[in-house]
1. I want to confirm something. Restricting to segment 238-269 and keeping residues that are of a type in the set (Asp, Glu) and farther than 30 Å from Leu56 by Cβ, which single residue is nearest to the ligand (Cβ to nearest atom)?
2. Might you check whether a residue that is under 24 Å from Thr3 (Cα atoms) and away from the ligand (no atom under 16 Å from the Cβ) occurs anywhere in segment 130-150?
3. For the subset of segment 62-121 comprising residues that are over 20 Å from the mean Cα position of the chain (by Cα), charged (D, E, K, R) and over 19 Å from Val46 (Cα atoms), which member is surrounded by the most Cβ atoms within 10 Å (Cβ to Cβ)?
4. Checking the structure you have, find out if any residue of segment 86-105 is on the phi < 0 side of the Ramachandran plot and assigned to a helix (DSSP H, G or I).
5. Does any residue of segment 97-118 turn out to be within 30 Å of Ser253 (Cβ to Cβ), away from the ligand (no atom under 16 Å from the Cβ) and not polar (S, T, N, Q)?
6. Which of the residues belonging to segment 235-273 are crowded, with 21+ Cβ neighbours inside 10 Å and among the aliphatic types (A, V, I, L, M)?
7. Restrict the check to segment 220-227 and report whether at least one residue is modelled with pLDDT of 95 or more, within 12 Å of the ligand (Cβ to nearest atom) and either surrounded by 13 or more Cβ atoms within 10 Å (Cβ to Cβ) or not in a loop (DSSP other than H, G, I, E, B) (or both).
8. Could you please find all residues in segment 110-126 being more than 13 Å from Ala138 (Cα to Cα) and outside any loop (DSSP other than H, G, I, E, B)?
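The values are calculated or read from the model by the stated rules, or taken from the named source; none is laboratory data. Note that this is a predicted model, so its numbers are computed, not measured. With ideal geometry, Cβ positions are generated from the backbone for all residues, glycine too; neighbour counts draw on all protein chains shown.
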Amino acid sequence: MTTLMKGKEIAGHLRLEIEKDIEFLTSKGIKCAMAAIRVGERPDAVSYEKATMKWLDKLGIACEAFTYPENISKTDFFAEIEKINNMPNIHGMLLFRPMPKELDTGEVEYIISPEKDIDGMNPVNFGKICGSDDTGYAPCTAKAVMEILKYHNIDLSGKKAVVIGRSMVIGRPVSMMLLNENATVTICHSRTKDLAAVCREADILVAAIGKAGFVTADFIKEGAVVVDVGINVTDEGKVVGDVDFDGVSPKCSYITPVPGGVGSVTNAVLARHIVKAAKQLNGF
Ligand code: NAP
């Protein structure tokens, strides 16, 4: 039988932990707060910002919007980030991407304070993830993958895990966190030879590619656990994952749906990271 790993259920479970921490911080006179940093008016970023603010507000986390014009200079933008780094009432910073090319040159990651870097952009945090240092922050989506596996008590120790995708946002941090849990990890990418055969070795398969229905039944070992991180919109406007769900799910022991899987857990992880930052910045 295949178990569907629904994101809402896991997000609800994380929410209970978040609420407990917020109660504790409130008792200490601390109001959790995040800065939502956006350059320009891309409709997808604006709607993601609105949705995030609404969700955080429901939890009692303040969210302050810092919005800049598309033509802000790099010097001015970095000075603004530095200002937010130094605001004691802000505990986390979320930078919406993509940003204008002139600003996104691989430097901004270094400017965001690692202590407020709740979406794991700063290489200091990647280093902490690699070193299994729990004070660090993984990108929220990558962490959501791990939360899903943990919630379902999937034993990772000694298991073969294959991750398709090597981005800094998902593939690499997920691979490091699987390694930290003692899985034997193979990272695949567009140059991997005989990808389906490599994937057929996997007890746990994580797909983070960005290609609709790319992972088909012939990639799957009977009984594998499959986590589909992909979010793709088909020509018909349907949101689908990187995994051909109908073909793959009968072979799996566990699988995430898209939508309603990883994406639904990501926001809960974001809230948890803000609370964690508020605690750590205040010495708890
Ligand atoms: P990305 O930066 O474009 O990385 C895609 C990765 O897939 C790259 O490492 C690429 O290999 C690899 N790849 C591409 N084609 C391949 C192929 N034919 N065979 C094997 N590997 C291949 O994307 P990303 O930011 O990691 O995002 C991945 C997916 O996750 C996207 O669908 C995105 O929309 C989704 N996503 C979901 C959430 C969520 O909350 N669920 C959040 C963020 C992103 P190379 O490195 O060799 O190019």
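1. The first filter runs over segment 238-269 and keeps only residues of a type in the set (Asp, Glu), leaving 242, 244, 246.
Imposing the further condition that a residue be farther than 30 Å from Leu56 by Cβ reduces the set to 244, 246.
Values: Asp244: 14, Asp246: 18 Å.
Once the filter is applied, the top-ranked residue is Asp244.
2. Narrowing segment 130-150 to residues under 24 Å from Thr3 (Cα atoms): 140-150.
From what's left, away from the ligand (no atom under 16 Å from the Cβ): 150.
Checked against the condition, which is being under 24 Å from Thr3 (Cα atoms) and away from the ligand (no atom under 16 Å from the Cβ), segment 130-150 yields at least one hit.
3. Glu80
4. Going through segment 86-105, the residues on the phi < 0 side of the Ramachandran plot turn out to be 86-105.
This time we only want the ones that are assigned to a helix (DSSP H, G or I), so: none.
Taking every residue of segment 86-105 in turn, none turns out to be on the phi < 0 side of the Ramachandran plot and assigned to a helix (DSSP H, G or I).
5. First, pick out the residues of segment 97-118 that are within 30 Å of Ser253 (Cβ to Cβ): none.
Checking segment 97-118: not a single residue is within 30 Å of Ser253 (Cβ to Cβ), away from the ligand (no atom under 16 Å from the Cβ) and not polar (S, T, N, Q).
6. Once the filter is applied, which keeps residues that are crowded, with 21+ Cβ neighbours inside 10 Å and among the aliphatic types (A, V, I, L, M), segment 235-273 yields Val243, Val248, Ile255, Val258, Val262, Val265, Ala268, Val269, Leu270, Ala271.
7. Going through segment 220-227, the residues modelled with pLDDT of 95 or more turn out to be 220-227.
Among the residues that remain, those that are also within 12 Å of the ligand (Cβ to nearest atom) are: 227.
Those still in the list that are either surrounded by 13 or more Cβ atoms within 10 Å (Cβ to Cβ) or not in a loop (DSSP other than H, G, I, E, B) (or both) too: 227.
Within segment 220-227 (the criterion being modelled with pLDDT of 95 or more, within 12 Å of the ligand (Cβ to nearest atom) and either surrounded by 13 or more Cβ atoms within 10 Å (Cβ to Cβ) or not in a loop (DSSP other than H, G, I, E, B) (or both)), the answer is yes, since at least one residue qualifies.
8. Keep residues of segment 110-126 that are more than 13 Å from Ala138 (Cα to Cα), which gives 110-113.
Residues satisfying the conditions are Tyr110, Ile111.
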